[in-house]
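A short reminder: the numbers here are calculations on the coordinates, not readings from a lab. Fair warning: this is a prediction, and the values are worked out from it, not measured in the lab. So basically every Cβ, Gly included, is an ideal-geometry build from the backbone, and we count neighbours across all protein chains shown.
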Amino acid sequence: MRFIRRFEETLLSLFEEGVLNGTTHACIGQEADAVAVMEHLVEEDHVFSNHRCHGHYLARTGDALGLLAEIMGKEAGMCRGIGGSQHICAPGFKSNGVQGGIVPAAAGIALAGQLDGSRRVSVVFIGDGTLGEGLLYETLNIAALWRLPLLVVCEDNQWAQSTPIEANLAGSMPGRFEAFGIPVREIDSTDVLELRAAAGAEVDLVRGGAGPRVLLIHTYRLCHHSKSDDERPAEEIAARWAVEPLLVHGRRLRDDERRIVDGEVETALAQVVATARALR
Ligand SMILES: Cc1ncc(C[n+]2csc(CCOP(=O)(O)OP(=O)(O)O)c2C)c(N)n1
């Protein structure tokens, strides 16, 4: 989680420095979700993500150099610098910046796993704002009918860009899935250990043939939507810094343990940044 946090902060400063182009969506504050889910996946599983994908990719692959080089538009990026921040195509990992656009692909890979008799799980991360996309519901319908091994992880960070959830969503979030007979496990937590337990239970159920399921995580994004756009009340953001995942889990570590982790992260990250900068 610390590496993801520092990677994202570094990206934001590289943008300020003018080293990066385009845009980026950091997941600062949501790192625990990615780490908790990936803990339970095996190599043949597939992960699908969205515009806010860096934490998911790093937790899944650890390929920080491939990701940074990609975002820098360099040939050594995992998509040769063509995909950029939002459009990752790597073995077992895909992301797409069109909200909801990747959900049918996740269902398709789940179907492939079902047909070839593997115990592969397909996991797709969406945001609360994506509950407004029609394509999601067409996919949920088929996924439920065909009992596909699909886990939808909905990260409800309460805002879709600058629109609060109250202005965006009729009915209830679980109700959106339950209408298709898809069970929802809801958790309001930034504690990686609580999240890990919830994610583990869901992955096991899907892998065991229970059909599609949803892990609905109520969380918060501590940074802007992308690089600068943020219209949320300052008090609301400040309150959430007091329960941010690194703080929550960091309290379990002794000071010396925390210093070791932080030191290792800085060393590894500095090496990635130096290597990426030197690439052509
Ligand atoms: C189909 C589509 N419409 C609009 C956008 C522009 N857009 C990018 S992210 C975003 C908000 C997404 O909110 P949410 O799904 O809650 O994810 P979050 O950004 O909160 O992680 C919007 C409107 C888009 N990428 N795709």
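What number, in nm² with one decimal, is the all-direction average of the projected area of the convex hull of the alpha-carbon atoms of the chain? Walk me through the numbers before you get to the answer.
Details: hull surface 57.0 nm².
The orientation-averaged projected area of the Cα hull of the chain comes to 14.2 nm².
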Q) Residue-wise, which Karplus ³J(HN,Hα) couplings in Hz belong to the stretch 46-63, taking 6.51 cos²θ - 1.76 cosθ + 1.60, θ = phi - 60°, and x for glycine or proline? A) 10, 10, 10, 9, 10, 4, 9, 9, 4, x, 4, 5, 5, 5, 7, 10, x, 7
(Q) Modelling each spin label as a point 7 Å along the Cα-to-Cβ direction, I'd like the residue 256/residue 147 distance in nm, to one decimal. (A) 5.4 nm
Q. Does the stretch 1-120 come out rounded, prolate or oblate, given a ≥ b ≥ c as the square roots of the eigenvalues of its C-alpha gyration tensor, rounded meaning a/c under 1.5 and, failing that, prolate meaning a/b above b/c?
A. prolate
**Q.** Highest-fluctuation residue, 60, 213, 258 considered, GNM on the chain with Cα pairs under 10 Å
**A.** 258
Q. When the helix-only estimate is applied to the chain (DSSP H runs of n ≥ 4, each -39,500 (n - 2.57), divided by the residue count), what is the mean residue ellipticity at 222 nm, nearest 500 deg cm²/dmol?
A. -13500 deg cm²/dmol
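Calculate the dipole size of the stretch 1-158 relative to its Cα centre from +1 charges on Lys and Arg beta carbons and -1 charges on Asp and Glu beta carbons; express the result in debye to the nearest 20. Don't skip to the end; give the middle numbers.
On the way: 11 positive and 19 negative charges, 54 e Å.
Computed about the Cα centre, the dipole is about 260 debye.
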Q: Quick one: which residues, 5+ away or cross-chain, put their amide H under 5 Å from the amide H of residue 93? H built at 1.01 Å from N.
A: 47
Q) Long-range amide H contacts for residue 124: which residues qualify at under 5 Å (H placed 1.01 Å from N, peptide plane, sequence gap of 5 or more or a different chain)? A) 48, 151, 152, 153
Q | Volume per residue of the C-alpha convex hull in the stretch 63-106, rounded to whole Å³ | A | 63 Å³
